[in-house]
Amino acid sequence: MSKKWIRPQIQELAAYHVSEPGNAVKLDAMENPYTWDEAVTDALLKVLRKVPLNRYPHPSPPVLKQLLRETMQVPQDMRIILGNGSDEIIQMLALAVGGENRSLLAPEPGFVMYRMLSLASGLNYVGVPLRAPDFALDLPAMLAAIEQYQPALVFIAYPNNPTGNLFKREEVEEIIRAAPGAVVVDEAYCAFAGDSFMPMLGQYDNLLVMRTVSKIGLAGLRLGMLAGPAAWLDELDKVRLPYNINSLTQACAEFALRRYDMLSAQTAKIRADRSRLFEALQKLPDVLKVWPSEANFLLLRVTDAPQVFARLKQNGVLIKSLHGSHPLLEHCLRVTVGTAEENRLLLEAFA
Ligand SMILES: *Cc1c(COP(=O)(O)O)cnc(C)c1O
């Protein structure tokens, strides 16, 4: 009976797959590998004792929003809206513009949720291939697709996942100027990159900037943020579920953002270890190419991706195989930068 009622687009989708890590060294999901000192955890537990779980959470938590504004340097006159992860914000955007004959456009290979959530909400999804071998934007192709499809939404991950590069800033700006709808610059990896569109908010009516705390060490909380002009965000707020950020997430995020220096020290370590891992991976015999990265992961091409993936798994290291996911990613693997010890285990398992 489900065949009759579930929309055909949904029946064609494959569920988002997450591997079971077991005891493996987990380098597949761009998590921050560092935990907190005991004293910090104890201080958090004291705060959590007082969270009133019998009450609904604050629908639009002012202290947390202010802390996010400060740490993420949101321009004063911009609105912000919170999501249960930035995934939920993508879903809100898709729902708000949704309907037939509406398109969402993104470069490919890119973040898979753009496509999944487009299709789930009934939007037409348009993927525009990046250029080989450096995964730069194909600007003429992007502009032609924008002209042809008049997308309600364009998503640009900056840096891009899974390729790790920052697109040329001037080219992103050209896309913002050409797009008839909103351009969402997804800065999930901002902490690891040297550039951001946040300061540019307000210069273009259709520019929105998305951030998340997932990649800076708080993936378990599920908290993302969208910043932009009121004209877009006030409308978007109408499709947000009223209590989408739970009380425990609010309390933990406030606690952690007050200790932003601790998170920054961790991301600085990850950036330094990224350079070391980049050098070391390049020296391995199975590795054909490692792409430079502005994120907390590295994309590499190996001689035989399924074989290398299986060998690493056997040796207790879980990474992501992208082989078969897009023609430009043949025999490609993505590894998250872990602790120095985890990176050592990765290199050892490789050998
Ligand atoms: C990981 C990732 C996200 C998802 O972030 P959540 O806040 O954990 O939902 C969004 N965009 C890109 C490009 C990502 O890689």
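The values are calculated or read from the model by the stated rules, or taken from the named source; none is laboratory data. What you see is a predicted model, and the numbers here were worked out from it, not measured in a lab. Cβ: placed from backbone, ideal geometry, glycine included. Neighbour counts: every protein chain shown. Just the protein is used for accessible areas: all its heavy atoms, side chains included, with ligands, DNA and RNA removed. Shrake-Rupley method; radii C 1.70, N 1.55, O 1.52, S 1.80 Å.
Structural remarks
- Count of residues meeting criterion [away from the ligand (no atom under 16 Å from the Cβ) and of a type in the set (Ser, Thr, Tyr)] in region 195-229: 1
- Those strands (runs of 3 or more DSSP E) lying entirely in region 68-147 with at least 1 residues within 16 Å of residue 210 (Cβ to Cβ) and within 16 Å of the ligand (Cβ to nearest atom): 79-83, 103-108
- Set 148, 203: member being under 21 Å from residue 78 (Cβ atoms), more than 20 Å from the chain's Cα centre (by Cα), open to solvent by 10 Å² or more (accessible area, probe 1.4 Å) and without any contact (Cβ under 8 Å) to a residue 24 or more places away in the chain: 203
- Count of region 301-332 residues which are surrounded by fewer than 23 Cβ atoms within 10 Å (Cβ to Cβ) and assigned to a strand (DSSP E or B): 4
- Residues located in region 236-273, provided they are open to solvent by less than 20 Å² (accessible area, probe 1.4 Å), of a type in the set (S, T, N, Q) and assigned to a loop (DSSP other than H, G, I, E, B): 244
- Residue in region 20-31 that is in contact with a Lys or Arg (Cβ under 6 Å, 6 or more places away or on another chain), among the charged types (D, E, K, R) and open to solvent by less than 50 Å² (accessible area, probe 1.4 Å) present: yes
- One residue alone among 179, 191 is modelled with pLDDT of 95 or more, more than 14 Å from the ligand (Cβ to nearest atom) and more than 24 Å from residue 11 (Cβ to Cβ), and that residue is 179.
- Being more than 16 Å from the ligand (Cβ to nearest atom) and closer than 17 Å to residue 192 by Cβ holds for only one residue in 271, 259, 311, and it is 271.
- Hits in region 208-231 - residues which are surrounded by 19 or more Cβ atoms within 10 Å (Cβ to Cβ) and touching a strand residue (DSSP E or B) at 6+ places or on another chain (Cβ under 6 Å): 208, 209, 210, 211, 212, 224, 225, 226, 227, 228
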